[in-house]
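Colleague: Just dropping this structure here.
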Amino acid sequence: MSGFNSSPPTAARAASAVVDEPLGLTVHSMPSPRQALDGVEGRRTLRGRWKMILVMLCCAAPVIASYFTYYVIRPEGRRVYGELIEPQRTMPELLATTRAGAPVRLSTLKGQWLLVAVADAGCDALCEQQLYLQRQLRESLGREKDRLDRVWLVSDTAPVPARLDKGLEGATVLRVPAAQLAQWLAPEAGHALAEHFYVVDPMGNWMMRFPSRMDTAGATRAKRDLERLLRASASWDEPGR
């Protein structure tokens, strides 16, 4: 029929066009297996490091707390006689020898508080005074004395005089060359190594130096320092190695 329009309506043509259009897709690239594994390993490594740091902090916490208590949280008017060494100096891996000439690692001294004297084997009047005060200081600690060892580090190879034998009973005597000792211990400026006592904690850290040429009055004040150190470390330190 002449009046019939064979073309579809405009709306139908528009719908057909929409249906016929290709579907647009965005494809995101996936990580390779190696990238995925690297990411996992990286997270594991980070967690492992944090765990290691936490373990180290837990182990060091008692020591840090004892030093904090001793040096920071202390009553007004308390004065420390010894000089705090900052930073502390860790005991080096040195090879010492006994009086009999047997080799021994200096690190075998770890595990105890140490009161260290240094002198050459000749042991002059100052040396004898130091060894006497060292012995008296340890004995004055009473029941806590077993937590402190007396150590004499002999800085040369000469023989130790027999006259010292009785006074050295119970002490540890080791030979360490003076040049090697200088890698660890140091005197106050203008003084000699043999003029001081050196305090070493059970982990092998040199942490305190008493004033040079200590007299009896100074020994009384040094005793108070030692007592405070032993008291502050009582929660983690026990007698013996």
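Colleague: Of Ser140, Cys127, Ala178, which is farthest along the charge dipole of the stretch 98-241 in the positive direction, counting Lys and Arg as +1 and Asp and Glu as -1 at C-beta?
Modeller: Ser140
Colleague: Okay, next question. How much length, in nm to one decimal, is gained on full extension between Arg47 and Asp165, taken as 0.36 nm per residue of separation minus their Cα-Cα distance?
Modeller: 36.9 nm
Colleague: Around Gly204, which amide H atoms from residues at least 5 apart in sequence, or from another chain, sit under 5 Å from its own amide H, with H modelled in the peptide plane?
Modeller: Gly111
Colleague: Near Val160, within a Cβ-to-Cβ distance under 15 Å, what is the net charge of the other residues, with Lys and Arg +1 and Asp and Glu -1?
Modeller: Net charge around Val160: -1.
Colleague: Counting other Cβ atoms within 10 Å of each Cβ, which trypsin sites (Lys or Arg not before Pro) in the stretch 139-228 have at most 15 and sit in a DSSP loop?
Modeller: Answer in residue order: Lys166, Arg213.
Colleague: Could you work out how far the C-alpha centroid of the stretch 182-241 sits from that of the stretch 132-174, in angstrom?
Modeller: Spelled out, the Cα-based centre of one part sits 14 Å from the other.
Colleague: Could you tell me which of rounded, prolate or oblate describes the stretch 83-223, using a ≥ b ≥ c as the square roots of the eigenvalues of the alpha-carbon gyration tensor, with rounded for a/c under 1.5 and, failing that, prolate when a/b is larger than b/c and oblate otherwise?
Modeller: rounded
Colleague: Same structure, new question: Please compute the contact order of the stretch 68-199 in relative form: average sequence separation of alpha-carbon pairs under 8 Å and at least six residues apart, divided by the residue count, as a percent.
Modeller: Numbers: 167 pairs, mean separation 38.8, N = 132.
It rounds to 29 percent for the stretch 68-199.
Colleague: GluC sites (Glu not before Pro) within the stretch 95-184: which are DSSP loop residues with at most 10 other Cβ atoms inside 10 Å?
Modeller: Those that pass, being in a loop and sparsely packed, are Glu169.
Every number here is computed from the coordinates shown, using simple stated rules; none is lab data. Note that the coordinates shown come from a computational prediction; the quantities given were computed from them, not determined experimentally. Virtual Cβ from ideal backbone geometry, glycine too; neighbours counted across all protein chains shown.
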